[in-house]
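Here the structure is laid out as structure tokens; the discussion comes afterwards.
The values are calculated or read from the model by the stated rules, or taken from the named source; none is laboratory data. Because the structure is a prediction, the values reported are computed rather than measured. A quick note on method: Cβ atoms are made from the backbone with ideal geometry, for glycine too, and the neighbour counts reach across all protein chains shown. These accessible areas exclude ligands, DNA and RNA; they are computed on the full protein's heavy atoms, side chains included. Shrake-Rupley method; radii C 1.70, N 1.55, O 1.52, S 1.80 Å.
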Amino acid sequence: MRFQFSDEDQRFREECRDWLEDNIPREKRPLNAVDAVDFDRAWQRRLFDAGWAGINWPSEYGGRGLPIVRQVIWLEEYARAHAPWIGSNFVGINHGGPTLILNASEEQKAWHLPRILKGESIWCQGFSEPGAGSDLAGIKTKARIEGDELVVNGSKIWTSYAQVADWQELVLRTEEGSQRHKGLSWVICDMRSPGITVRPIQKISGQTEFAQVFYDDVRIPLANVVGGLGNGWKVAMSTLSFERGTGFIGEQVKLSQDIEELLDSARASGRLGEADIAEQIAQLRAEVFALRAMTYRNISEVARTGQPGPEASVIRLFSSDLRQRIERLAIALAGETVLDFRYGDDDFITDYLLGFAVTIAGGSAQIQRDIIGERLLGLPKSR
Amino acid sequence: MDLTPNEDQLALQGATADWCSDNMPLEQCRARPAGTWRQMGEMGWLDMTGPAMGLDHGTEALIFAELGRFLAPVAALSTAVYRRWTGTEGKAALAIASLQAVRVADPDGASVALGVADGRALLYGLPDALDAAPGLDLSSPLALLPGAAAPQPVQDGRAAAHLRLLAAAYAVGCADAARDMGAAYACTREQFDRPIGWFQSIKHICADMAVRASVARSQLYYAASALDADDASADMHIAAAKRLADQAALENSRANIQIHGGIGMTDEAYPHLCLKRAHLLGFVAKAGREALLQ
Ligand SMILES: Cc1cc2nc3c(=O)[nH]c(=O)nc-3n(C[C@H](O)[C@H](O)[C@H](O)COP(=O)(O)OP(=O)(O)OC[C@H]3O[C@@H](n4cnc5c(N)ncnc54)[C@H](O)[C@@H]3O)c2cc1C
């Protein structure tokens, strides 16, 4: 067991650090999705041109084909340098792209993957519906087949970045009368197609970053089905495993930044002298160390076996709870000043409010506990 | 960077678990057969990081977590540290010093006890006849050390960190044991015509046990490899490992009793054995929070 990185990995880390130091955008990333998308595209393009996009993606599709540990090093340095939040490129980079690498045809991969890496394609995720959130198999948005096209009707909701996205990973019921996990397909949908209406929704932090999407006879070529018609459940599960697994490493790394800042500011303000505050910070710091150790352990496992195991749910559940506790402490230390927050502000109070999502989105904490109980501990399935 | 056990380590871990379930089951921890201590020595567990075997702390922590899962005798902790840093043979009982008294766990056949106080590993000479009887932890005979002969510090400063790491490994094992006992019971005990593990309120208690055990084990591996590297951060990471492992052992043990219902309250059933062991481990080489605020 070695927590240290090899000399070559260290050299790679220094390269990352040097480049980030010289190239991080000076201007702050705009708060709202619509304002931020140009920023996100330009930044992603710069990352691509310098060879930092798709570090562990296959080289034939524009990636660098490096081991996953290099991706982790990059993300650590990225957070350390306070580089901008990935924003509207989250879906494409963290789970749309990886799903395509695993399941898509050569043509689909060759067309889409380089565009994702270059920031030319912004993706969004159309899984959840008004009537189907935790129970994803309950989706009703359906498509009938006409010639070589799917014709889609229905609605998706909570679709992050729908208002700015070019493409969508869309899960549809493509078989009339099919039940639950059967008869679903994972489809690449062009968000500019006629018949799509996007209604943005405002969050408790003030941003309008997600939306409800309506489909009225939207035509999608059958060639855009990924992984085969009717195999949507399997493909969607691989998407979720990327979303819950490696997709969150960046967010986890940021937590260690946050707790170090809390420690420094509590020391500077003298509040570290209060026993209960010192105790909370010591506890959170120990847990943040452990989160890094878990991530390293998981990455080592992926490097050894080639895929993330159900342990990803353990990390997800732990890190989302830890994030919320760190943000609660930040709020507690700030005292009455939190009352001055207004929509449009972008600070730790925004993070605190946005942080409520991490135990809801991508499988709620309750669903993660079910997964851990059933898949890791072998308890009887409740559903 | 690699924080998973390699093939050799996995083989050793598997062999340890097999041996323990055959020869040192948790269920018999209140009265180990006379030969157990000798056999543990023969297995090499008390000398792993010494010059003869030359294994690293990563491997040792992995094996001690297995031993901890079976509530193995606690003198293995102090003895491994004693032998490693004093180059002496023999058994060292586990000393737990407070301002008022020095308690000695597992003193049978030991002429010395080792514990950590004020961040240093200390050796206490033991009188010939120490009457030890089970205390709260029914698997660890306990005696009060009479008189106050001044303890001798162990010269090498790493001894204290070593004991802390091994105690954390035992606590990780204890947390695993409680998790597995709880999950197994939740699969078999039926109420309302179904296993109680079907109910989410029980399932989610089990899931939280799995999280705590995994968190603590990950940090244990990281801390062990930091000690192996003699890294400047080792003390801090060992303190984190100890804190999280103690919490996991205690919380999982409590949850396990809850999952067992009435039978969990009985002396005859096993859940309380983990709880009581967890309480004892919490006092072994305690790390103050200062180590985590550096
Ligand atoms: C900020 C944010 C961004 C999102 N972005 C996207 C996106 O881009 N694309 C997309 O498709 N979706 C997205 N989602 C949707 C997200 O995946 C769903 O919110 C999530 O799956 C939960 O579904 P729901 O909101 O319908 O809640 P529900 O499923 O109705 O859950 C409500 C409550 O009931 C609990 N619950 C439900 N079922 C069970 C059960 N079996 N056992 C115990 N408790 C249960 C839940 O844990 C929760 O606490 C986003 C959500 C958020 C908050």
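Assorted remarks:
- Rounded to the nearest 10 degrees, the angle from helix B:200-228 to the longest Cα principal axis of chain B is 20 degrees.
- Entries in A:LYS118/A:LYS140; A:LYS109/A:LYS234; A:LYS109/A:LYS140; A:LYS234/A:LYS254; A:LYS203/A:LYS234 that, when Cα-Cα distance is taken, lie over 22 Å: A:LYS118/A:LYS140; A:LYS109/A:LYS140; A:LYS234/A:LYS254; A:LYS203/A:LYS234
- The residue among A:ILE55, A:TYR78, A:GLY92 whose Cα reaches farthest toward the positive pole of the charge dipole of the range A:44-113, with charges on the beta-carbon of Lys, Arg, Asp and Glu, is A:TYR78.
- Per residue of peptide B:222-234, the mean number of Cβ atoms on other chains within 10 Å of the residue Cβ is 3.
- Buried surface for the B/A pair, taken as the accessible area of each chain alone minus that of the pair with a 1.4 Å probe, is close to 4200 Å² in total.
- Remark: the Cα gyration tensor places the range A:255-298 in the oblate category, a/c being 1.5 or greater and a/b not exceeding b/c.
- Ligands, DNA and RNA left out, the 1.4 Å accessible surface of the range A:7-122 is 47% carbon and sulfur atoms.
- Heavy atoms of B:VAL154 accessible to a 1.4 Å probe, total area in Å² rounded to 10: 10 Å²
- Cα-based helix-to-principal-axis angle, A:68-80 vs chain A, degrees rounded to 10: 60 degrees
- The heavy atoms of B:ARG194 present about 80 square angstrom of accessible area, all protein chains included, probe 1.4 Å.
- Summing +1 for each Lys or Arg and -1 for each Asp or Glu among the other residues whose beta-carbon sits under 12 angstrom from that of B:TYR270 gives -1.
- Mean projected area in nm² (Cα convex hull; one quarter of hull surface) for the protein assembly as shown: 32.2 nm²
- Computed in the context of the full set of protein chains, the accessible area of the range B:158-292 at 1.4 Å probe radius has 52% of its extent on carbon or sulfur.
- For the range A:159-164, Karplus couplings with θ = phi - 60° (6.51, -1.76, 1.60), whole Hz, Gly/Pro x: 6, 5, 6, 4, 5, 10
- Look at the dipole of the range A:218-334 built from charges on Cβ: of A:GLN252, A:LEU333, A:LEU229, the Cα furthest out on the positive end belongs to A:LEU229.
- Accessible surface for chain A, divided over its residues, is 44 Å² per residue with a 1.4 Å probe.
- Across the options A:VAL358, A:SER155, A:ALA132, the greatest Cα extent toward the positive end of the charge dipole of chain A (unit charges at beta carbon of Lys, Arg, Asp, Glu) belongs to A:ALA132.
- Helix-only CD estimate at 222 nm, as mean residue ellipticity for chain B, using -39500 (n - 2.57) per DSSP H run (n ≥ 4): -17000 deg cm²/dmol
- Proximal charge balance of B:ARG194 [Cβ under 15 Å; K/R count +1, D/E count -1]: +1
- Cα shape, the range B:1-94, gyration tensor, a/c 1.5 rule: oblate
- Derived scalar couplings ³J(HN,Hα) [the range A:173-184; Karplus, 6.51 cos²θ - 1.76 cosθ + 1.60; whole Hz; x for Gly, Pro]: 8, 9, 10, 3, x, 6, 10, 6, 6, 8, x, 9
- Taken over the range B:158-292, the percentage of Cα pairs per 10 Å bin, counting from 0 up to the bin with the maximum distance, is 14, 40, 27, 14, 5, 0.
- Evaluated with a Cβ-only charge set (Lys, Arg +1; Asp, Glu -1), chain A carries a dipole of roughly 960 debye about its Cα centre, given to the nearest 20.
- Accessible surface for A:SER134 stands near 80 Å², nearest 10, in the context of the full protein assembly shown (1.4 Å probe).
- Nearest-ten-degree value, helix A:7-23 long axis tilted from longest Cα axis of chain A: 90 degrees
- Evaluated with a Cβ-only charge set (Lys, Arg +1; Asp, Glu -1), the range A:245-376 carries a dipole of roughly 560 debye about its Cα centre, given to the nearest 20.
- Considering only the protein assembly as shown, percent of DSSP beta bridges that pair antiparallel, nearest 5: 85 percent
- The protection proxy used here, the mean number of other Cβ atoms lying within 10 Å of each residue, ranks peptides A:33-43, A:57-67 as follows, highest first: A:33-43, A:57-67.
- Going from the isolated chain to the complete set of protein chains, the range B:1-25 loses at least 30 Å² of heavy-atom accessible area (1.4 Å probe) at B:MET1, B:ASP2, B:LEU3, B:THR4.
- Of the residues B:TRP37, B:TRP45, A:TRP111, ranked by 1.4 Å probe accessible area with the largest first, the sequence reads A:TRP111, B:TRP37, B:TRP45.
- Summarising the amide proton neighbourhood of A:ILE157: residues at separation of 5 or more, or on other chains, whose placed amide H is nearer than 5 Å comprise A:SER128, A:GLU129, A:VAL213.
- Shielded residues, the range B:258-294 - accessible-area loss of 40 Å² or more between chain alone and all protein chains, probe 1.4 Å: B:ARG289, B:LEU292, B:LEU293
- Mean residue ellipticity, 222 nm, helices only, chain A: the sum of -39500 (n - 2.57) across DSSP H runs of n ≥ 4, divided by residue count and rounded to 500, is -14500 deg cm²/dmol.
- Rounded to the nearest whole Hz, the Karplus-based 3J(HN,Hα) values (6.51 cos²θ - 1.76 cosθ + 1.60, θ = phi - 60°) of the range B:52-65 follow the sequence 5, 8, x, 7, 8, 5, x, 5, 4, 5, 4, 6, 5, 5, with x at glycine and proline.
- For the range B:128-167, the square roots of the Cα gyration tensor eigenvalues, ordered a ≥ b ≥ c, give a/c of at least 1.5 with a/b no greater than b/c, which places it in the oblate category.
- Computed about the Cα centre, the dipole magnitude for the range A:124-231 is approximately 300 debye when only Lys and Arg (+1) and Asp and Glu (-1) carry charge, each at its Cβ.
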